[in-house]
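Here the structure comes first, spelled out in structure tokens, and everything after it is commentary.
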Amino acid sequence: MKLHPKSAVFAAAAVCGMLAPAYARADTVTDWNGYASTAIVTTAGQPPPVSALSFAMVQGAVYDAVNAIDRGHRSYLPVPPAAPSASKDAAVATAAYRVLVTLFPVQQGTLEPLYQTSLAAVTDTPPGSKTGGIAAGEAAAGAMLAARENDGRGGPFTPLFGTTPGVWRPTPPSNAQDPAPWVGNVRPFLVPDVELLRTGPPNALTSRAYARDLNEVKSVGALHSTTRTADQTDSAIFWQEHAFQLWNRIFRGIAAQQHLNVVDSARLFASLDLAVADGAIGCWNNKYHWKFWRPITAIREADTDGNRATVADPQWTPLFDPSTPVASPPALVTPAFPDHPSGHNCGAGAIVRTLQYFFGTDRLDITATSQKTGTTRSWHRLSDLLRENINTRVWAGIHFRTADVQGALMGEKVARYLHAHYLQARH
């Protein structure tokens, strides 16, 4: 991993194609993924676990629309085949647009001109190819929207707060509540039962493993840590940009860097975002199954945990505190939901393992810039990227290492299931 100063951002972008949309553009799939990111995150303001579900719906529909024409792989949902001459670009734009305007009807005035511009760029050669592509996109979007009806999104869920040692409760300074605790009750996109994604438990409070985790985050994750390096501080804050807005920007860069065509781009985005969605669902289900406290609570109340190897520090504050400067809002805080497992790493584990399956290698050059820091970071191996994601949450002072590792393992489990059961090549 290399850390570049802000002045090197534009040079890195030109080389790796990861920053501005002009560099990241590969095809209509990446264009509409960018529009979706704006609609889902920037405009609608969906938090990461909720946005994961929306990204999956858009990209799953886009994949099915393209695959109905190409027919090279198994569809995600049953959709009728389209004529081989149908326009894939029209299919992509229609599928993405239709899902987005259904999810966010108030954004139709913004999305409609983008859709019309996409269709205007499609030539009707041979005659009927444009209308055929539109029909394929409509069919795929309709199948996705029907499949996700009454799937538990936005359903009732009242988190139960604890007061005893080890049990999660809202954390200072904001003592905020989870904006979407219901995510764990949503019907998965891939696995037949969320119970298949049950993680291992948190460490017992009296165990050596627990004391080791607590003392590590207490030292390296403290606001004014003397053991955390400047690069580790940058990395921790870097990854606190809205996770799936950042990740989908990375996906667009990978598609451009690898010169993927429309068919492969559609399959890449669908694979990644479907895996992320089940990663989020499984993660939130586990969070409220285990209900484990966050480091800030555990360290401040360590005199209650029954472990002789831990010492309470009632004033301990993590790096993720509103006093830590960032390049863009919101301010840094401990996330408003239980520790175990790490939601960020449920997503990262699913993404990294899916990329390894897709490209058949661990070696992949990736460069990305975060709006949270304004810095650029690079990796040459996917395993290094995952390792950094696991470490960053400890460096941030918001997760025990075990929660990060268990999250990554759960995400990898989703990726393996997807690889075995979905989007396979037809033989």
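Whether any residue in segment 264-278 is over 15 Å from TRP32 (Cα atoms) and not in a helix (DSSP H, G or I) is what I want to check.
Checked against the condition, which is being over 15 Å from TRP32 (Cα atoms) and not in a helix (DSSP H, G or I), segment 264-278 yields no hits at all.
Being in contact with a Lys or Arg (Cβ under 9 Å, 6 or more places away or on another chain) and either in a loop (DSSP other than H, G, I, E, B) or of a type outside the set (Asp, Glu) (or both): is that true of GLY349 here?
For GLY349, the condition - in contact with a Lys or Arg (Cβ under 9 Å, 6 or more places away or on another chain) and either in a loop (DSSP other than H, G, I, E, B) or of a type outside the set (Asp, Glu) (or both) - is met.
Here's a check for you: in segment 225-244, which residue that is touching a Lys or Arg at 6+ places or on another chain (Cβ under 7 Å) and part of a loop (DSSP other than H, G, I, E, B) is surrounded by the most Cβ atoms within 10 Å (Cβ to Cβ)?
Only one residue fits best here, namely GLN240.
Out of all the residues in segment 291-305, which are assigned to a helix (DSSP H, G or I) and touching a Pro at 6+ places or on another chain (Cβ under 6 Å)?
The answer is ILE296, ARG300, THR304.
Please list, ordered by first then second residue, the pairs with beta carbon atoms under 9 Å, 6 or more apart or interchain, first in segment 137-162 and farther than 23 Å from ALA83 by Cβ, second at pLDDT below 95 and assigned to a loop (DSSP other than H, G, I, E, B).
Going by the 9 Å Cβ cut-off, the qualifying pairs are PRO159/GLN177; PHE161/GLN177.
From HIS340, HIS344, grab the single residue that is outside any strand (DSSP E or B) and touching a Pro at 6+ places or on another chain (Cβ under 6 Å).
Selected residue: HIS340, the only one of HIS340, HIS344 that is outside any strand (DSSP E or B) and touching a Pro at 6+ places or on another chain (Cβ under 6 Å).
Can you find a residue in segment 383-397 that is in a helix (DSSP H, G or I), in contact with a strand residue (DSSP E or B) (Cβ under 6 Å, 6 or more places away or on another chain) and either under 22 Å from ALA230 (Cα atoms) or open to solvent by 20 Å² or more (accessible area, probe 1.4 Å) (or both)?
For segment 383-397, residues in a helix (DSSP H, G or I), in contact with a strand residue (DSSP E or B) (Cβ under 6 Å, 6 or more places away or on another chain) and either under 22 Å from ALA230 (Cα atoms) or open to solvent by 20 Å² or more (accessible area, probe 1.4 Å) (or both): present.
Look at segment 163-189 and say how many of its residues are open to solvent by 90 Å² or more (accessible area, probe 1.4 Å) and either of a type in the set (Phe, Trp, Tyr) or free of Cβ contacts under 8 Å to residues at least 24 places away in the same chain (or both).
1
Can you find a residue that is at negative phi, within 29 Å of the chain's Cα centre (by Cα) and of a type in the set (Ser, Thr, Tyr) anywhere in segment 119-135?
No, there is no match, as no residue in segment 119-135 is at negative phi, within 29 Å of the chain's Cα centre (by Cα) and of a type in the set (Ser, Thr, Tyr).
The values are calculated or read from the model by the stated rules, or taken from the named source; none is laboratory data. Remember, predicted model here, so these are calculated numbers, not experimental data. With ideal geometry, Cβ positions are generated from the backbone for all residues, glycine too; neighbour counts draw on all protein chains shown. Remember, those area values only see protein heavy atoms, side chains included, never the ligands or the DNA or RNA. Shrake-Rupley method; radii C 1.70, N 1.55, O 1.52, S 1.80 Å.
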